[in-house]
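See structure below.
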Amino acid sequence: MAASKIDWFKKEVLPILVDYDVTVRYSEEGDFGSLSQFEFNSIELGGNVDFWGLNWLGIYLWSYKEERVLLNVLLDPDQELSKEQAFKDLLALLNS
């Protein structure tokens, strides 16, 4: 994943995660190359965003309150428009 996507995430998403515990992990070796993972948890929501070195993107969001998955996507390098929509969906859910 291009550094610009990670920078965008840090600029646009991390600031709204005020009441969340955020953990950042990095691994040189993963299923789709290196992995930069941002995991976040609050009383109501928990999830993670996975930026893979081979330009795959994973987004998972769970509602503890509703006990259900709100967002679960794994997008390949060619799905740039879907990635943009997934980020919009994530922001909408986090802001609701």
Which of GLY33, VAL22, ALA92, positive extreme of dipole for the chain (C-beta unit charges): ALA92
Considering only DSSP states other than H, G, I, E and B, which chymotrypsin sites (Phe, Trp or Tyr not before Pro) in the chain qualify as loop sites with at most 14 other Cβ atoms within 10 Å? TYR64
Could you give the nm distance between label points at VAL22 and LEU91, where each point is 7 Å from its Cα heading toward the beta carbon? 1.5 nm
Longest the chain segment clear of GluC sites (Glu not before Pro) sitting in DSSP loops (not H, G, I, E or B) with at most 15 other Cβ atoms within 10 Å runs 68-96
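Provide the net charge surrounding GLY53, with neighbours chosen by a C-beta distance below 10 Å and charges set as Lys +1, Arg +1, Asp -1, Glu -1.
-2
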Share of Cα-Cα pairs in the chain beyond 22 Å, in percent? 23 percent
For a quick check of your reading of the filter: which trypsin sites (Lys or Arg not before Pro) in the stretch 21-96 sit in a DSSP loop and have no more than 16 other Cβ atoms within 10 Å? LYS65
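Read-outs: derived from the displayed coordinates by stated rules, not from any lab. Because the structure is a prediction, the values reported are computed rather than measured. Here the Cβ is made from the backbone with ideal geometry for all residues, glycine too, and neighbour counts use every protein chain on show.
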